[in-house]
1. Counting only residues 5 or more places away or on other chains, whose amide H sits under 5 Å from the amide H of S89 once H atoms are built in the peptide plane?
2. Tell me, what is the 1.4 Å probe accessible area of K312, in Å² to the nearest 10?
3. Modelling each spin label as a point 7 Å along the Cα-to-Cβ direction, I'd like the T85/K64 distance in nm, to one decimal.
4. Tell me the Rg and the Dmax, in Å, that the Cα atoms of the stretch 204-288 produce.
5. Could you name the aspartates and glutamates whose alpha carbon sits less than 20 Å from that of K129, not counting residues in the same chain fewer than 8 places away?
6. Run the simple label-point estimate for V121 and N248 please: 7 Å along Cα→C-beta, distance reported in nm.
7. Once R0 is set to 35 Å, what does the formula 1/(1 + (r/R0)^6) return for the Cβ-Cβ distance between Q52 and S215, expressed as a FRET efficiency to the nearest 0.05?
8. Kindly list the residues of the stretch 202-226 that lie in the label zone of V318, defined by a backbone N under 15 Å from the point 7 Å along the Cα-to-C-beta vector.
Amino acid sequence: MASLVYINLLLQLLLLISLFHFGLAARRLAESDETQNTFLFQYHNGPLLTGQIQVNLIWYGKYKPSQRAIISDFITSLSTSKPTTAQPSVSKWWKTIEKYYRLVNSKKPSGLVLSLGSQTVDESYYLGKSLSNKQIIELASKGGQKNAINVVLTSADVTVEGFCSSKCGTHGSSKSASVKGKSDRFAYIWVGNSETQCPGQCAWPFHQPIYGPQSSPLVAPNNDVGLDGMVINLASLLAGTATNPFGNGYFQGPKEAPLEAASACPGVYGKGAYPGYAGDLLLDPATGASYNANGVDGRKYLLPALFDPSKKTCSTLV
């Protein structure tokens, strides 16, 4: 009888020890999750783009003039020098980027003003219809290399290394041509038209997603799934280029695969967003299109949420 009591006491003690270790592990896991959730953007002491910067567009492949206007009007809409009466506006969306500059130097923050620069159209496909990353940089170097961001825009019939399988676009920097033994670095962006290749990946929410929760696609505000998707990706990459142009600015995570001002808020376009749902957006009563930003000449766009470094959360226009 005494031995049974002893065994029962031993079992209860082992149970208490197990529960203690389980609770400790659970608390450590919760603390680990909390630490990850509070791991926010860091400034890595590198330069941000400043001053008067021209955005040069390099059109590679065939685009209609009306398609080129969607992108060029978006770039023009970024500037507060040409205010948009209708709100919320594209320029208001871009103002979140100014907060990054104030954090670098709160007493005398530098400014960044973007404007539409030159446009180059190449419908000859002189590098072919299957491009490597090196060839993208070659195309980007055709634009001005001082106080500029050169944007390469490949058409729907052009494949690019990594396009659709791992990226919808990219940004980076490269050395400019040497002048008197000196060369600077210029920023560039590439975005591809995914309309016929991978719209479910690179033009969501204007196309059915290729994975995850399924929902009906939204109507594109400029009635062009490919180009409206390009605007989303271009907007995201412009934000990353401004705040992390040379790989040592603002970002979270590893340098090789950083989360930047917009890519840290994937799939978020309005309040209440969750996987498969872009958020509560504005609706154009005339066309049924969904949007969250107004641009010049009555344009409407859907723009991604930006990480607000002062509020430490993703910020949306609506």
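1. Excluding prolines and chain starts, which carry no amide H, the hits are N294.
2. It works out to around 120 Å².
3. Simple spin-label model gives 2.8 nm for this pair.
4. Expressed in Å, the Cα Rg and Dmax of the stretch 204-288 come to 14.6, 45.
5. Reachable aspartates and glutamates: E138, D157, E161, E195.
6. Going from the V121 label point to the N248 one covers 4.1 nm.
7. Approximately 0.25, to the nearest 0.05.
8. 205-206, 218-223
The values are calculated or read from the model by the stated rules, or taken from the named source; none is laboratory data. Since the structure is predicted, the reported quantities are computational estimates derived from the model, not experimental observations. Neighbour counts run over all protein chains shown; Cβ positions are idealised from the backbone, glycine included. In case anyone asks, the SASA skips ligands and DNA or RNA and just uses the protein heavy atoms, side chains included. Shrake-Rupley method; radii C 1.70, N 1.55, O 1.52, S 1.80 Å.
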